[in-house]
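Take a look at the structure set out below.
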Amino acid sequence: MYYNWTEKTNTEELKIVCNLIRNGELVIFPTETVYGIGANALDENAVGKIFIAKGRPSDNPLIVHLADRRKIEEIAQDITEVERKLIDAFMPGPFTIILKRKPIVPDIVTAGLDTVAVRIPENVIARGIITFSGVPIAAPSANVSGKPSGTNIKDIRKELEGKVSVIVDGGETQIGLESTVVKVIDEVPVILRPGKVTPEEIEKVTGIVKIDKNIFGRISQNDIVESPGMKYRHYAPETSCKLIYCQDDLDQVFYLKKFVKEYQGNVVVIGFKEHEEKLLLDSERFISVGKKDDLESFAKNIYSALRKADEIKPREILIEGVKKEGLGYAIMNRLIRTCEHNFFEKQ
Ligand code: AMP
Ligand code: MG
């Protein structure tokens, strides 16, 4: 089924959706970050369907979505002072915290870890579905494992139609990148995945913040990491991708042109509006993610741009990078994975 709630939530349909969740079915729904593919987190069989629909490795745990802060203690325990500060500051919002789990959370959700990832979305549709279902909802991003996350229904239908009971359309997601994931280790918040909530913002709340060393690193299947998801290929279309970042704008355009030539023009460039005219490409070979200083626009558009570029099947997708600060941190973390470290950088 497909429900269109882009204008407003339909309460009759909301009841149907919540019944389906309670009955162990899968539902695709919008959040402020990306779309989620959700199931009742307390129902092992239902959660198992998520892994099948996505082709997700079973050792990669899921984030459990709750309607409000009072529900956290139903699935997590021994919450520390630092964790409490982070919860109060950033939840609801695009922020996920790893907490000690309660036994009620099935192993399939946590991949057998003694922790559980918790998020409270802000998006009205997501909150409505979680509240009226009356159960916590395990929901990874709505995409086939390894591919860019789904941020609009058109892309999601192409990839997951027929694999879930209902798709709820809430329009394009506002942020377009997955949540910031944080685990407090020895009283210090450690960012395991950067997102809209930045290291600077976290530091303001707790006085200290660390960034996991693997965020920009190369990780192989056998490495031991804080977050199992780090090990996997992610955010990647079929076509090979190259990331290009030069601090100086003239250099940036020079090298973009150089790489376009190297591939004899058989490329798609995902880049800034200001560079479009300078590259002299056919219009379908340049996909703009917005103006250079507009990182929010970049985040919002990057996954759909990657899918669009992939459809053209060029030899290479060239992607413009950004400075690694603020939201740029999250963008570059995703793009380095997209490009599998095929990264040209000039400071
Ligand atoms: P997604 O695939 O977008 O749902 O992202 C969820 C991310 O959170 C993945 O990278 C997971 O590996 C990570 N994650 C989920 N649960 C835990 C946990 N208990 N401990 C550490 N990382 C987790
Ligand atoms: Mg994902």
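Tabulated values for the structure
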{"read-out": "Helices (runs of 4 or more DSSP H) fully within region 233-347 counting 1 or more residues that are in contact (Cβ under 8 Å) with a residue 60 or more places away in the chain and either closer than 22 Å to Ser145 by Cβ or not charged (D, E, K, R) (or both)", "value": "249-262, 295-312, 327-338"}
{"read-out": "Test: residue in region 126-140 that is at positive phi and surrounded by 24 or more Cβ atoms within 10 Å (Cβ to Cβ)", "value": "no"}
{"read-out": "Every residue from region 280-337 that is at pLDDT 95 or above, of a type in the set (Ser, Thr, Tyr) and under 20 Å from Tyr255 (Cα atoms)", "value": "Ser288"}
{"read-out": "Subset of region 108-166 [among the hydroxyl-bearing types (Ser, Thr, Tyr), outside any loop (DSSP other than H, G, I, E, B) and near ligand 1 (Cβ under 9 Å from one of its atoms)]", "value": "Thr110, Thr115, Ser141"}
{"read-out": "Residue count for region 275-299, restricted to those that are within 17 Å of Val322 (Cα to Cα) and surrounded by fewer than 20 Cβ atoms within 10 Å (Cβ to Cβ)", "value": "10"}
{"read-out": "Sole residue being within 16 Å of ligand 2 (Cβ to nearest atom) and under 24 Å from Ala305 (Cβ atoms), chosen from Ile175, Ile167", "value": "Ile175"}
{"read-out": "Filtered residues of region 137-163 (kept if within 19 Å of the chain's Cα centre (by Cα) and more than 12 Å from ligand 2 (Cβ to nearest atom))", "value": "Ile137, Ala138, Asn152, Ile153, Lys154, Asp155, Ile156, Arg157, Lys158, Glu159, Leu160"}
{"read-out": "Residue that is surrounded by the fewest Cβ atoms within 10 Å (Cβ to Cβ) [pool: residues in region 229-266 that are within 16 Å of ligand 2 (Cβ to nearest atom) and not aromatic (Phe, Trp, Tyr)]", "value": "Arg233"}
{"read-out": "Any hit, region 209-228, residues being among the aromatic types (Phe, Trp, Tyr) and surrounded by fewer than 17 Cβ atoms within 10 Å (Cβ to Cβ)", "value": "yes"}
{"read-out": "Residue selected from region 87-97 under the condition away from ligand 2 (no atom under 16 Å from the Cβ) and of a type in the set (Val, Ile, Thr), by the criterion surrounded by the fewest Cβ atoms within 10 Å (Cβ to Cβ)", "value": "Ile87"}
{"read-out": "Extreme residue, farthest from Arg119 (Cα to Cα), among residues of region 10-22 that are of a type in the set (Val, Ile, Thr) and surrounded by 18 or more Cβ atoms within 10 Å (Cβ to Cβ)", "value": "Val17"}
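The values are calculated or read from the model by the stated rules, or taken from the named source; none is laboratory data. All values reported here derive from a predicted model rather than from experimental measurement. Glycine gets a Cβ as well: all are built from the backbone with ideal geometry, and neighbour counts include every protein chain shown.
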